Amino acid sequence: MRWFVHRGLCAAFLSSAAQGPPVELVKPAGLEFTHRNSPTTQKYLIETMGGGVALLDYNNDGLLDIFLVNGGNLEDPQAVPADFRRGDPAYWNRLYRQNRDGSFTDVTAAAGLSHAGNGYGMGVAVGDYNDDGFPDLYVTNYGRNILYRNNGDGTFADVTEEAGVSAGGWSVSAGFLDYDNDGRLDLFVSRYLDYDLSRNLLCGTPFRSYCRPDKYEGTTNLLYHNEGSGHFRDVSVKSGITSARGKGMGVAFNDYDGDGFPDIFVSNDLMEQFLFHNKGDGTFEERALEAGVALSDDGKPFSGMGVAFADYDNDGLPDITVTDLALEKYILYRNDGDGHFSYASNATGLAGLTARSSGWGLGLHDFDNDGWKDLFVAQSHVLDNVERINSALQYREPPGLYRNLAGKFEKSALASLPPVAGRGVAFGDLNNDGAIDAVVAVLGGRPMILRGSANRNHWLILKLIGSRSNRDGQGAKVRIGKQSVYVTTAGSYLSASDSRVHFGLARDSHAAIEILWPSGTRQILNDVAADRIVTVKEPQ
């Protein structure tokens, strides 16, 4: 597999008490995307919030492809109604097909994705909503969202209107989930503020800066139920999702109380966070305050950006990690197993490591295959002039990798990575070598492709195919030894990761695998050889 290393940059090695694998910044041939956010002197909030990235195998050739969400054109000042010029190729979203030699080909136009609509681009969700074996794309915008159905022949079709999922307002992150376990993927959309360009506020003295979110009213999130036959029904009110009005950013799913139904965590900006408990009857109850995940350890709201809903300490219970802005410390809530969580940022060392960093997209994945999920974060402050406000802070930051040492975190030195305005990040194994890779979307710049290198530790990647459950197997719980992984493409910020499940096995060359499918079927696979990708089909 050929990769092209960016000139002038050498491999950055993870330094830790135990030597980890190298992480390289690479520039594969053909990946020529530049995110355009069109910054203005008006400091329109939308220009600092994009963009998203997805890793998906859209043509089922066994190689992950990359979809990147663009912003749009903003005038200075912007007339209303706005024309974001999304028909201009400079502002298209882009799909890059991975080739066998590790290079990429821009197939946006050939795939029918050059029509990006009239909205200003934000994020992307991935899921096979019609169970035809090909992943579909849902793109969020400030404005009308778009659902692209994968036709299975290398092309996509805009089916937004017939599917009934155009939404409106300011959508941010989104994700597919089967919240009622009926075998069809439903769709959740987080929305940020009650905002339009004509009511943009000018904040900051003696110079302008982006306004704090508390200058605007929040809004409601959206939940669409998959009715089958390509149509969704808006159940936001009926399900109880609209009972909580927030300022939604990231969204992630997991079953935190083990009742067999996926719950929803939404990170909110500068207000309490939301944990929607799935009651199993098609409705949700917001329980963040009761569960101990609404506020920081001092009882104050924080600037919730991205979210990871995964088990960091290998106790079989999903925990919650939330990124925020510098001086707030990244938040880690440990699942106590009784419906409650404990603040664990201090005890794990994460608070001290991140006090002066600002994070957006993130994920808990095992980068060194030692059996413990490490924390990777795309970083940057929201204010592009934050150094003028506080000289101790910085706008651009390199991504952060925090190595998990049996439940404690240690910062890995990535000194050769340049500081960027990181936003969304997606995870997967781009070259199928068993090492997790990350693709970071950069506001106003080129994406960062960070490739993890394989080491002597063993690994397994599982591709699940549902039969009674949804075909993606999203919502399945997979366990190997003490490790557990929840199957989902959602999480992070604005982004969608590979649907395959990755496990680091350390020195174990074989594994026993337990899968609890959303249908309730429990499947056991014994003595599975390591260091390979295994396709697992749900028993009929």
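The values are calculated or read from the model by the stated rules, or taken from the named source; none is laboratory data. Being a predicted model, the structure only gives us computed values, none of them experimental. Cβ sites come from the backbone with ideal geometry, for glycine too, and all protein chains shown count toward neighbours. Calculation scope for accessible area: heavy atoms of the full protein, side chains included, ligands and nucleic acids excluded. Shrake-Rupley method; radii C 1.70, N 1.55, O 1.52, S 1.80 Å.
The longest stretch of the chain left intact once loop-based GluC sites (Glu not before Pro) with at most 12 other Cβ atoms within 10 Å are removed from consideration, loops following DSSP, is 218-540. Okay, which of the range 304-320 sit inside 14 Å, backbone N to the point 7 Å along the Cα-Cβ direction of residue 342? Those under the cut-off are 313, 315. Other residues within the sphere of radius under 12 Å centred on the Cβ of residue 151, judged by their own Cβ, net out at -3 (K and R +1, D and E -1). Rolling a 1.4 angstrom probe over the protein heavy atoms with all chains in place gives the chain an accessible area of 35 Å² per residue.
Share of carbon and sulfur in the accessible area of the chain stands at 48%, probe radius 1.4 Å. Once the C-beta distance of residue 408 and residue 512 is scaled by a Förster radius of 22 Å, the resulting FRET efficiency is 0.20 to the nearest 0.05. In this structure, the residue pairs whose Cα-Cα separation is over 19 Å, taken from 411/477; 477/537; 279/463; 329/477; 463/537; 329/408, are 411/477; 279/463; 329/477.
Using the Cβ-Cβ distance between residue 105 and residue 535 with R0 set to 35 Å, the FRET efficiency from 1/(1 + (r/R0)^6) comes to roughly 0.85. Among the listed options (i) 84, 68, 43; (ii) 64, 53, 50; (iii) 80, 59, 44, the one matching Cα extents along the principal axes in Å as calculated from these coordinates is (ii).
Basic side chains Lys and Arg get +1 at the Cβ, acidic Asp and Glu get -1 at the Cβ, and with that the dipole of the range 445-540 about its Cα centre reaches some 140 debye.
May I ask you to list the residues of the range 133-169 whose amide nitrogen lies under 18 Å from a point 7 Å from Cα along the Cα→beta-carbon direction of residue 80? Under cut-off, by backbone N: 142-144, 168-169. When exposed loop sites are taken as chymotrypsin sites (Phe, Trp or Tyr not before Pro) in a DSSP loop with at most 15 other Cβ atoms within 10 Å, the longest stretch of the chain clear of them is 208-540. Taking Cα centre as origin and charging only the Cβ of basic (Lys, Arg, +1) and acidic (Asp, Glu, -1) residues, the dipole magnitude of the chain rounds to 1340 debye. Testing the spin-label approximation: label points 7 Å from Cα along Cα→Cβ at residue 281 and residue 468. State their distance in nm. Placing both labels 7 Å beyond Cα along the Cβ direction yields 2.4 nm. Loop-resident trypsin sites (Lys or Arg not before Pro) (DSSP state other than H, G, I, E or B) in the range 437-472 with no more than 11 further Cβ atoms inside 10 Å of their Cβ: 456. Distance from the C-alpha centroid of the range 108-150 to that of the range 432-489: 21 Å, rounded to the whole angstrom. The stretch between residue 432 and residue 237, if pulled fully straight at 0.36 nm per residue, gains 66.0 nm over its current Cα-Cα span.
Using only side-chain charges placed at the Cβ, +1 for Lys and Arg and -1 for Asp and Glu, the dipole size of the range 125-240 relative to its Cα centre rounds to 840 debye.
Here the spin labels are modelled as points 7 Å beyond Cα on the Cα-Cβ line, and at residue 289 and residue 90 they lie 4.8 nm apart. Label reach from residue 214 (point 7 Å along Cα→C-beta): in the range 309-347, amide nitrogens under 18 Å belong to 324-329.
Remark: spin-label model distance residue 297-residue 479 equals 3.0 nm, labels positioned 7 Å along the Cα→Cβ axis. The calculated FRET efficiency for residue 526 paired with residue 151, based on their beta-carbon distance and R0 = 41 Å, is about 0.55. Can you grab the distance from the C-alpha centre of the range 176-224 to the C-alpha centre of the range 295-370, Å, no decimals? After rounding, the separation between the Cα centres reads 22 Å.
By the rule of a C-alpha distance below 19 Å, with chain neighbours fewer than 8 residues away ignored, the lysines paired with residue 247 are 43, 215, 300. Charge tally around residue 207: other residues with Cβ under 15 Å, Lys/Arg +1 each, Asp/Glu -1 each, net +1. Given their separation in residues at 0.36 nm each and the Cα-Cα distance between them, residue 315 and residue 40 gain 94.2 nm when the chain is fully extended.
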